[in-house]
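In what follows, a single structure is set out as structure tokens and then discussed.
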Amino acid sequence: MPGITVFSGIDRENQLSYYLDYGGIPSRPDRYHLKVPPRKMELAVSEFAVSYPESFTGTFDVDDVRVEVDGETVDIDEVVWDEENRLIRIYLTEPAPAASNVELVFSNMRNPRSSGMHYFNCLVVSPGDSTALLRYIGTWIISIGGV
């Protein structure tokens, strides 16, 4: 996964890679590996946020989230699922360095009941950012049900 996306509305340079351990079968448990390449990590990152569309009716287990930086698991301070705003916020204990290879791993997920394409956006906050505004760095176009 994810294969080739021809018409998505997302510029190719903003499409992020991912894979699902159990194939994205509707209504089934899964593990999502959401990748952020070094070229997108222009600055160090203290917080990752993943926004997802209203069409995504799956569930997340905030107690089973892992972040890997250059292949090593890093400590997470807190994971917050804001269901109302469709946002998962992952606060790291120590910032992930710029130009690092990052993977957000969501285990014990429940895929939505129906097939479809879901645009998950990757947003970040860098340490020392006085505004603490989320900055967009890319989109994972996640296919459920082989769509």
Using protein chains only and a probe of 1.4 angstrom, how many square angstrom of Thr93 are accessible, to the nearest 10?
70 Å²
Lys and Arg at +1, Asp and Glu at -1: add these up for the other residues within a Cβ distance under 11 Å of Cys122 and post the number.
+3
Taking Cα pairs closer than 8 Å and at least 6 residues apart, the relative contact order of the chain in percent is 33 percent
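Could you order peptides 77-83, 113-119, 44-50, 129-135 by the average number of other Cβ atoms within 10 Å of their residues, highest first?
Top to bottom by mean Cβ count within 10 Å: 44-50, 113-119, 77-83, 129-135.
The values are calculated or read from the model by the stated rules, or taken from the named source; none is laboratory data. Note that the structure is a prediction, hence the values are computed from the model and not measured. When we count neighbours, we look across all protein chains shown, and the Cβ atoms used for this are built from the backbone with ideal geometry, even at glycine. Heads up: the accessible areas ignore ligands, DNA and RNA and are worked out on the full protein's heavy atoms, side chains in. Shrake-Rupley method; radii C 1.70, N 1.55, O 1.52, S 1.80 Å.
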